[in-house]
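Below is one structure, written out as structure tokens; the observations come after it.
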Amino acid sequence: MKTIYYFSGTGNSLWVAKQLKDKLQDTKLVSISKIVNNDKIEDKSSVIGFVFPIYMWNMPFIIRRFIEKLIVNKETYYFSVVTNAGSPGNTLNILNKMLKNKNVKLFSGFSITMPSNYIVFSGAEKDEKINKLTNMASKRISEIKNVILNRETSKLETSNLFINIIGSVVYKFSKSHVNKMDKNYWADDKCNGCKICEKICPVENIIMESDKPKWLGHCEQCMACIQYCPQESIQFGKKSGIKKRYQNPNIKISEMMK
Ligand SMILES: Cc1cc2nc3c(=O)[nH]c(=O)nc-3n(C[C@H](O)[C@H](O)[C@H](O)COP(=O)(O)O)c2cc1C
Ligand code: SF4
Ligand code: SF4
């Protein structure tokens, strides 16, 4: 039996995880946000993968909390796939270090370029680019599948040294602010109180107050609330009217709420 643990704000990582699950066969998918608050996370699968997005050249905080809780096995083949907009930083080496502290290691780690979901400044990519990146990702997933099935050890994929240094500096100085950056979010007059933002938030950081969302200050910056609001009501900072929203076109909103 194989297990893929995934975290996804806007569907890219879930789509990659689903493709891999189908190709690897005999594999179960587990949502990290559903189990991260369990007292104990134990899994004796012979192959375990971690699929998640890159935030600020590093891993989302929820991945850190999950890995810290994970009870590892010496015989398991561990791999990871990080989705990003082309700049993964040194994340896979950082993940490997966390696993090595538990006396296991990441045997292989892959970076897949997907459409950027960080749209607050620029809006989503054009449809042609989204399709092109999706096609390229499909081919890569087929190659990755072979490495995993053969239990190969491969070089962990990272950005270059310059980006890794810049990324680690930015991350160091920004990480204490990330949770509170949700103070920039607000819902404009288009909000109809449908509660989808409350339901889709993977870390229960939104509650409804007087039929409007209220953010609670432990945000992962996953973008799910902004991207999936059916009224495109959620805005960031003083700027209203964020441009085109992004959701992975091959993932249904119902799958994001599972
Ligand atoms: C807060 C935030 C920070 C991000 N930082 C990076 C980054 O440092 N490098 C990068 O290539 N992409 C970055 N991205 C883009 C995402 O990693 C990318 O779009 C990913 O595929 C989203 O996956 P998801 O749809 O599973 O959430 C960032 C996205 C967000 C929301
Ligand atoms: S998803 Fe959008 S419309 Fe629905 S409650 Fe949240 S902000 Fe309002
Ligand atoms: S509040 Fe929005 S951006 Fe923050 S974790 Fe929840 S869904 Fe993601």
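The values are calculated or read from the model by the stated rules, or taken from the named source; none is laboratory data. Just so we're clear, the structure is a prediction, and the values are computed from it rather than from any experiment. Please note: Cβ atoms are built from the backbone with ideal geometry, for glycine as well, and neighbour counts cover all protein chains shown. In case anyone asks, the SASA skips ligands and DNA or RNA and just uses the protein heavy atoms, side chains included. Shrake-Rupley method; radii C 1.70, N 1.55, O 1.52, S 1.80 Å.
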TODO: Return the subset of Lys183/Lys214; Lys199/Lys252; Lys212/Lys243; Lys18/Lys97; Lys21/Lys139; Lys21/Lys129 for which the Cα-Cα distance in this structure is over 20 Å, preserving the input order.
DONE: Lys212/Lys243; Lys18/Lys97; Lys21/Lys129
Open item on the list: Could you report the accessible area of Ser176 in Å², rounded to 10, computed with a 1.4 Å probe on the protein chains as they sit in the structure?
Closed with: 90 Å²
- [ ] Could you please state how large a percent of the accessible area of the stretch 179-256 is carbon and sulfur, counting protein chains only and using a 1.4 Å probe?
- [x] 51 percent
TODO: Take the alpha carbon gyration tensor of the stretch 179-256, find the square roots of its eigenvalues, order them as a ≥ b ≥ c, and report rounded if a/c is under 1.5; if not, report prolate when a/b exceeds b/c, else oblate.
DONE: rounded
- [ ] Starting with the highest mean, order 98-106, 52-60 by the number of other Cβ atoms within 10 Å, averaged over the residues of each peptide.
- [x] 52-60, 98-106
- [ ] Would you mind counting up the charge near Glu209? Only other residues with Cβ under 13 Å from its Cβ, with Lys and Arg at +1 and Asp and Glu at -1.
- [x] +1
Task: Solvent-accessible area, 1.4 Å probe, carbon plus sulfur percent, for the stretch 49-118 - done: 52 percent
- [ ] Hydropathy first: keep DSSP H helices in the chain averaging at least 0.0 on Kyte-Doolittle, then drop any whose Cα extent along the axis falls short of 15 Å, and list what survives.
- [x] 161-178
Task: For the stretch 140-229: rounded, prolate or oblate by the Cα gyration tensor [a/c cutoff 1.5] - done: oblate
- [ ] Kindly point out, ordered by number, any Cys in the chain whose beta-carbon has no other cysteine beta-carbon under 4.7 Å away.
- [x] Cys191, Cys194, Cys201, Cys219, Cys222, Cys229
Open item on the list: Is the C-alpha gyration tensor of the stretch 98-195 telling us rounded, prolate or oblate? Criteria: a/c under 1.5 is rounded; beyond that, a/b larger than b/c is prolate, otherwise oblate.
Closed with: oblate
Open item on the list: What translational diffusion coefficient, to the nearest whole µm²/s, does the chain have by Stokes-Einstein, given a Kirkwood radius computed over alpha-carbon pairs, a temperature of 10 °C and 1.306 mPa s viscosity?
Closed with: 84 µm²/s
Task: MRE, 222 nm, helices only [DSSP H, n ≥ 4, -39500 (n - 2.57), over the chain, to nearest 500] - done: -10500 deg cm²/dmol
TODO: Report the extension gain between Lys139 and Lys252 in nm, rounded to one decimal, defined as 0.36 nm multiplied by the number of residues separating them, less their alpha carbon distance.
DONE: 38.5 nm
- [ ] Return one whole number: the accessible area per residue of the chain in Å², for a 1.4 Å probe.
- [x] 49 Å²
TODO: Please identify every one of the trypsin sites (Lys or Arg not before Pro) in the stretch 141-219 that sits in a loop by DSSP and has no more than 14 other beta carbons within 10 Å of its own beta carbon.
DONE: Arg151, Lys155, Lys190, Lys195
TODO: Only Cα pairs under 8 Å and at least 6 apart count here; give the relative contact order of the stretch 2-164 as a rounded whole percent.
DONE: 22 percent
TODO: Could you please put Asp43, Asp26, Asp189 in sequence from largest to smallest accessible area, using a 1.4 Å probe?
DONE: Asp189, Asp26, Asp43
